[in-house]
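The values are calculated or read from the model by the stated rules, or taken from the named source; none is laboratory data. Just so it is clear, the structure is predicted and the values come from calculations on it, not from any experiment. Note: ideal-geometry Cβ built from the backbone for every residue, glycine included; neighbour counts use all protein chains shown.
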Amino acid sequence: MRRVVMKKVSVLIKEAVEKAFVSLGYDKKYGMVGISNRPDLCQYQCNGAMAAAKEFKKAPLFIADEVADKLQLSEEGKIFEKIEAVNPGFINLTLKDEFLADYVNEMGETGNFGYENGGEPKKIVLDYGGPNVAKPLHVGHLRPAIIGESIKRIERFAGNEVIGDVHLGDWGLPMGLIITEVRHRHPELPYFDESFTGEYPKEAPFTIEELEEIYPLASIKSKEDEEYKNEALQATALLQNGNRGYMALWHHILDVSVTDLKKNYHNINVSFDLWKKESDVQVYIPDMVEKMKADGFAYISEGALVVDVTKEDDKKEIPPCIILKSDGAALYSTTDVATILERVKLFNPTDIIYVVDKRQGMHFEQVFRTVKKTGIAPEELNLIFLGFGTMNGKDGKPFKTREGGVMRLERLISEITEEVEAKMSDRDMDEEVKHKVAKQVGLAALKYGDLSNQASKDYVFDLERFTSFEGNTGPYIQYTVVRIRSILDKFIAEKSLNKADLDNFFADIKLVKAATASERELELVLAKFSDMIDLAATEFAPHKVCAYIYEVSNCFSAFYHENHILNEQDEARKYSMLKLSYITEKIIVKCLDLLGIEAPERM
Ligand code: ARG
């Protein structure tokens, strides 16, 4: 694939219009161009003449006319078929069909579809996933995993460096609770012996199933039994102070848990570059605390060590950030502050982005302010909290199982797969293949259903709607790909080609200008690809990718119905339409990949 820098269509248009304004003595800023809100009249539209009219005390239509004429005569204006000044002062723009065809043709022949990041590449640490040791993944972990994975892929595609970190929760009271429960069950284990040397047996004293049973039980017990709770608190403190036996036990908990978590994330196609954990930053805490005290930032308030993070113009109250509890224990805020210290030290990133439940917004506000105030984070480091909303059931409350319990991720996925498999019952497919496809489609339903909403909003999980093969759903988009592939397969058979030959075959074909409205529409939306990527990357917004492929899919569907691609008699047109379909398929597949969704061969 060639790598050619292609200017974005919006940029080409803007530059042409700006130049016309400037050559008439108006400021460049009036050359702003947007997508038309009257697609029946034009494709793009400039409203700058209205603003210029105010400054220059002229009639807006007069200026629009002047600019339109100038543009018409300019070299850059040659990309337009129609340039019209209309009342009260709009400039309506429509691109030439030849230009669109050439542009999309070029996109198809370049790696990355002509996308190029204009700015300095960022170095991003992306904190997503956030599972906790010894707790199974449940629906609450779905959103940070899916959204984070997609943001990672989008940012990488846009040319930024991304280090994805799972930031495992492994260091608080839950560990003490598990250790306490294990101690009650198996007091004979060597870990509780004072003389324990630290050599721990390979075999863990529990399986993941037992571990997942132990934790919730211990948690309930600690709420009902004061003595039990104190034991757990003590165990937590001993662990944090490095007790050998407890450390060995904690390693077991970690091993068993991480193996299971990795399996589960793998199952949904989510992966991390780093498996760092809260406990990794324990080593930084003593010095960090001393420095905060010495610099006068940290002080004792009601027994705890805190940093005041209020600012003069605060509209709401921001409580101080607690660094150490009165018993000297580290908290969630302590590890998050120390984690930023470590990330700066290890990676010196430009941005740290957190994909975490939006209900943790205040926690991160306190943490961010603390690291900036104390100088732990450099002034220029961007700390970004991307808080996501809740996945609700149809009752508007956080999604639960039918029995009212917390839904495990594994179960949710198998329920969706079953639903899709039932829908595919009439397909003539090998059972094993069908099951594999059903899983791909089920995952797409789940991920797309989630990602197509703005992340910060709550949404309702609707199994029926998400798994539908029609409408704004993952399966519908996958189906568009499958449909294009089947057209191409027929063509391959007709020409006795191999799939692998398609690239070469189309390299010799050039798109001819659109002959139908639906073809033009499809090319127009494909040409907006780079603009969409820029937006999705700067706003960390997978939903922009979803909206885009939904539009592409709808345009393709209209194109497919309006044109008889394979029966077209004019060979140049037939090949051109096939190539357009081929490019469409590649772009949708790329976008699906950016969402962490696979496209099946058949469905
Ligand atoms: N484990 C945390 C939880 O379950 C989420 C971690 C998010 N990341 C972070 N750096 N705090 O709430």
Could you identify the single residue in ASP327, ASP273 that is modelled with pLDDT of 95 or more and at negative phi? ASP273
Report whether or not GLU98 is among the acidic types (Asp, Glu) and touching a Leu at 6+ places or on another chain (Cβ under 9 Å). no
Matching residues, segment 269-281, being more than 16 Å from the ligand (Cβ to nearest atom) and either assigned to a helix (DSSP H, G or I) or buried (at least 21 other Cβ atoms within 10 Å of the Cβ) (or both): none
Flag if TYR560 is out of contact with any helix residue (DSSP H, G or I) (no Cβ under 8 Å at 6 or more places or on another chain), over 30 Å from GLU120 (Cα atoms) and touching a residue at least 24 places away in the same chain (Cβ under 8 Å): no
Suppose we filter segment 367-398 for residues that are in a loop (DSSP other than H, G, I, E, B), of a type outside the set (D, E, K, R) and within 25 Å of ILE353 (Cβ to Cβ); how many remain? 8
Can you go through HIS138, HIS184 and tell me which one is touching a strand residue (DSSP E or B) at 6+ places or on another chain (Cβ under 9 Å) and on the phi < 0 side of the Ramachandran plot? HIS138
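Okay, residues lined up against (1) in the same structural domain as GLU212 (by the TED database); (2) at pLDDT below 95; (3) out of contact with any helix residue (DSSP H, G or I) (no Cβ under 8 Å at 6 or more places or on another chain):
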residue	(1), (2), (3)
VAL355	no, no, no
GLY361	no, no, yes
GLN366	no, no, no
LEU383	no, no, no
GLU432	no, yes, yes
GLN440	no, no, no
ALA444	no, no, no
TYR448	no, no, no
Only one of these is over 25 Å from the mean Cα position of the chain (by Cα), aliphatic (A, V, I, L, M) and under 26 Å from THR538 (Cβ atoms): VAL371, VAL367, VAL344. Name it. VAL371
Output the number of residues of segment 340-357 satisfying the condition of being free of Cβ contacts under 8 Å to residues at least 60 places away in the same chain and of a type in the set (Lys, Arg). 1
Just for segment 456-485: of the residues that are of a type in the set (Gly, Ala, Ser) and touching a residue at least 60 places away in the same chain (Cβ under 8 Å), which one is farthest from GLN440 (Cα to Cα)? SER456
Every residue from segment 422-447 that is in a helix (DSSP H, G or I) and either of a type in the set (Val, Ile, Thr) or surrounded by fewer than 19 Cβ atoms within 10 Å (Cβ to Cβ) (or both): ALA422, LYS423, GLU431, GLU432, VAL433, LYS434, HIS435, LYS436, VAL437, VAL441
List every residue pair whose Cβ atoms lie under 6 Å apart, where the two residues are 6 or more positions apart in sequence or sit on different chains, the first residue falls within segment 296-318 and is touching a residue at least 60 places away in the same chain (Cβ under 8 Å), and the second residue, located anywhere, is outside any loop (DSSP other than H, G, I, E, B) and of a type in the set (Ser, Thr, Tyr). VAL307/THR370; VAL309/THR370
In this structure, does LYS358 turn out to be among the charged types (D, E, K, R), in contact with a Gly (Cβ under 8 Å, 6 or more places away or on another chain) and on the phi < 0 side of the Ramachandran plot? yes
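Would you tally the residues in segment 209-229 being in a helix (DSSP H, G or I) and more than 26 Å from THR259 (Cα to Cα)? Let's see the steps before the verdict.
Of the residues in segment 209-229, the ones in a helix (DSSP H, G or I) are 209-224, 226-229.
Pick out the ones that are also more than 26 Å from THR259 (Cα to Cα) and you get 221-224, 226-229.
Matching residues across segment 209-229 total 8.
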Check whether at least one residue in segment 236-250 is among the β-branched types (Val, Ile, Thr), in contact (Cβ under 8 Å) with a residue 60 or more places away in the chain and either over 30 Å from LEU346 (Cα atoms) or not in a loop (DSSP other than H, G, I, E, B) (or both), and report yes or no. yes
I need the full set of residues from segment 34-50 which are within 16 Å of PHE99 (Cβ to Cβ) and either buried (at least 22 other Cβ atoms within 10 Å of the Cβ) or out of contact with any helix residue (DSSP H, G or I) (no Cβ under 6 Å at 6 or more places or on another chain) (or both), in order please. CYS42, GLN43
Answer yes or no as to whether LYS510 is in the same structural domain as LEU580 (by the TED database), among the basic types (Lys, Arg) and part of a helix (DSSP H, G or I). no
Can you find, within segment 365-376, the residue that is nearest to the ligand (Cβ to nearest atom) among those that are buried (at least 18 other Cβ atoms within 10 Å of the Cβ) and not charged (D, E, K, R)? VAL367
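Conditions (1) under 20 Å from VAL355 (Cβ atoms); (2) touching a Phe, Trp or Tyr at 6+ places or on another chain (Cβ under 6 Å); (3) surrounded by 18 or more Cβ atoms within 10 Å (Cβ to Cβ); (4) among the hydrophobic types (A, V, I, L, M, F, W, C), marked per residue:
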{"position": "ARG402", "(1), (2), (3), (4)": "no, no, no, no"}
{"position": "LEU409", "(1), (2), (3), (4)": "yes, no, yes, yes"}
{"position": "VAL420", "(1), (2), (3), (4)": "no, no, yes, yes"}
{"position": "SER456", "(1), (2), (3), (4)": "yes, no, no, no"}
{"position": "PHE461", "(1), (2), (3), (4)": "yes, yes, yes, yes"}
If I ask for residues that are closer than 20 Å to GLY596 by Cα and of a type in the set (Ser, Thr, Tyr), which ones from segment 270-287 would you list? SER271
Quick one: ILE352 ticks every box in (1) closer than 27 Å to LEU239 by Cα; (2) surrounded by 20 or more Cβ atoms within 10 Å (Cβ to Cβ) bar one, so which box is it? (1)
